[in-house]
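J.: My questions will all concern the structure given below.
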Amino acid sequence: MQKTLRYIFLTILAFSGSKTLAQQDAQLSQYMFNPLYINPAAAGMDGVTRFQLHYRNQWSDYQTTFDGNGSLGTQIFTASMPLNGLHSGIGIQFVNDKTPSGAGYQNALLSYSYQIGLSNGSVVSIGAKGGIYTKTFDSKFRPRDAGDPVVDALSGSFNQTKTDFSVGVLYKTVTYQVGASLNHVNSPTYSIGTDKTGAYAIKQVLNLTGSFDYYFNDDIKVSPMALWKTDFNTNVLEGGAIVTYSEKYWLGGSYRLNDAGIIIAGISMLNNNALRLGYSLDLTNVGASAKAPLSHEILLSYAIPAPRLLAGKKTPVRTPRFRH
């Protein structure tokens, strides 16, 4: 089992290049606590109904030359619950992301997963999500030549909305899980201006994830994890580990190749660890002069028991790190 996970991590490392993926979707340093954002197959796999708010302040106090000051701000809401009587799970996702210039995107997506229990006690989940993806722009464009008809056609803020679809698969055992997802399968394309020459397409993005839970004793658990994503031209690779004590407190770190080192900490509270609060700090170490040294991220999560309607039998496998 450990050899299998080690092979997966090495494969991810081998296929990741030195280039960095252009950020068309907001990146999360605490992605391991919000798997639905990356992979629709994670819907309902918690075994509870979970609501999550994610706030990211990237490159805090970033100073731009032309387009105003301020960091890249991202707000994400996700919710997920199991439908165990149907061997399924559902989830929703809302994202708002904006740059200092006012350009950004918003999406609203619905996820569904179908879960297959295997004879060894593990679960394979197959999922899909779909909805709308809106690109927003403002009028702060700087034409290379005066009188550009595309720029002249733009007045004030405007947006375009297209449909967006993703698919994914997740394999989960008691101690480890691996997943793959392909986001923006239909690669929605947006046209800017009246003559439609300014086309912008959302690229397909492949995500591979893996994590493993190793228990030193009843109180201390170490969870290494890795994420690789690619648009089939450029790549992002990050990996690290989190130490959890008594299923209530966690501290860890990770490294995003050619970008930043990351510190992660958090605490679970209330009965059954229903309330979870997490924080991460990115320390930019590549291209810091063109960015800003720090990025902050806050995660607030609340879980309630799954509804009795369509309860059926509980999902047979859960990963404790994602459950608490």
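The values are calculated or read from the model by the stated rules, or taken from the named source; none is laboratory data. None of the values given here were measured: they were computed from a predicted structure. Note that each Cβ is placed from the backbone with ideal geometry, even for glycine, and that neighbours are counted across all protein chains shown.
J.: Criterion first (closer than 23 Å to Leu109 by Cβ, of a type in the set (Lys, Arg) and at pLDDT 90 or above) does Lys221 satisfy it?
T.: Numbers: closer than 23 Å to Leu109 by Cβ: no; of a type in the set (Lys, Arg): yes; at pLDDT 90 or above: yes.
For Lys221, the condition - closer than 23 Å to Leu109 by Cβ, of a type in the set (Lys, Arg) and at pLDDT 90 or above - is not met.
J.: Does Leu36 fit the bill of being in contact with a helix residue (DSSP H, G or I) (Cβ under 7 Å, 6 or more places away or on another chain) and either modelled with pLDDT under 60 or not in a helix (DSSP H, G or I) (or both)? Lay out the reasoning, then the answer.
T.: Numbers: in contact with a helix residue (DSSP H, G or I) (Cβ under 7 Å, 6 or more places away or on another chain): yes; either modelled with pLDDT under 60 or not in a helix (DSSP H, G or I) (or both): no.
No, not satisfied.
J.: Looking at Gln58, Gln93, which one is modelled with pLDDT under 90, buried (at least 21 other Cβ atoms within 10 Å of the Cβ), under 23 Å from the mean Cα position of the chain (by Cα) and under 25 Å from Gln27 (Cβ atoms)?
T.: On the way: Gln93 fails: modelled with pLDDT under 90.
Result of the check over Gln58, Gln93: Gln58.
J.: Give the residues of the stretch 230-252 that are β-branched (Val, Ile, Thr), assigned to a strand (DSSP E or B), under 26 Å from Val169 (Cα atoms) and in contact with a Lys or Arg (Cβ under 6 Å, 6 or more places away or on another chain), sorted by residue number. Can you show your working first?
T.: Let us first name the residues in the stretch 230-252 that are β-branched (Val, Ile, Thr), namely 230, 234, 236, 242-244.
With assigned to a strand (DSSP E or B) added as a condition, the list becomes 230, 236, 242-244.
Then drop every residue that is not under 26 Å from Val169 (Cα atoms), which leaves 230, 236, 242.
Within the stretch 230-252, Val236 is the sole residue that qualifies.
J.: Which residue pairs have Cβ atoms closer than 6 Å, lie 6 or more positions apart in sequence or on different chains, and pair a first residue in the stretch 239-254 that is without any contact (Cβ under 8 Å) to a residue 60 or more places away in the chain with a second residue that is of a type in the set (D, E, K, R) and not in a strand (DSSP E or B)?
T.: Pairs found: Tyr245/Asp219; Ser246/Asp219.
J.: Of all residues in the stretch 280-292 being modelled with pLDDT under 80 and surrounded by 15 or more Cβ atoms within 10 Å (Cβ to Cβ), which is nearest to Ile263 (Cα to Cα)? Steps first, please.
T.: Here is the first cut: in the stretch 280-292, the residues modelled with pLDDT under 80 are 286-292.
If we keep only those that are surrounded by 15 or more Cβ atoms within 10 Å (Cβ to Cβ) too, we end up with 291-292.
Values: Lys291: 19, Ala292: 16 Å.
Per the stated criteria, the residue is Ala292.
J.: Based on this model, can you work out whether Leu227 counts as crowded, with 19+ Cβ neighbours inside 10 Å and in a strand (DSSP E or B)?
T.: Details: crowded, with 19+ Cβ neighbours inside 10 Å: yes; in a strand (DSSP E or B): yes.
Judged against the criteria, Leu227 is a match.
J.: Ok, one more. Could you list all residues from the stretch 96-126 that are in contact (Cβ under 8 Å) with a residue 40 or more places away in the chain, farther than 19 Å from Tyr200 by Cα and under 15 Å from the mean Cα position of the chain (by Cα)?
T.: Those that are in contact (Cβ under 8 Å) with a residue 40 or more places away in the chain, farther than 19 Å from Tyr200 by Cα and under 15 Å from the mean Cα position of the chain (by Cα): Leu109, Ser111.
J.: Another question, if that's okay. Any idea which residue in the stretch 210-224 is nearest to Ile263 (Cα to Cα), counting only those that are touching a Lys or Arg at 6+ places or on another chain (Cβ under 8 Å) and in a strand (DSSP E or B)?
T.: Initially, the stretch 210-224 is screened for residues touching a Lys or Arg at 6+ places or on another chain (Cβ under 8 Å), giving 211, 213-215, 221, 223.
Of the ones still in play, those that are also in a strand (DSSP E or B) are 211, 214-215, 221, 223.
Details: Ser211: 17, Tyr214: 20, Tyr215: 21, Lys221: 17, Ser223: 14 Å.
Here the answer is Ser223.
J.: Moving on to the next point. Hey, among Ala108, Ala146, which residue is of a type in the set (Gly, Ala, Ser) and modelled with pLDDT under 75? Don't jump to the end; show me each part of the working.
T.: Numbers: Ala108 fails: modelled with pLDDT under 75.
Just a single option satisfies the conditions, and that option is Ala146.
J.: Determine whether Arg256 is of a type in the set (Lys, Arg), crowded, with 17+ Cβ neighbours inside 10 Å and under 18 Å from Ile38 (Cα atoms).
T.: Details: of a type in the set (Lys, Arg): yes; crowded, with 17+ Cβ neighbours inside 10 Å: yes; under 18 Å from Ile38 (Cα atoms): yes.
Yes; evaluated as a whole, the condition is true for this residue.
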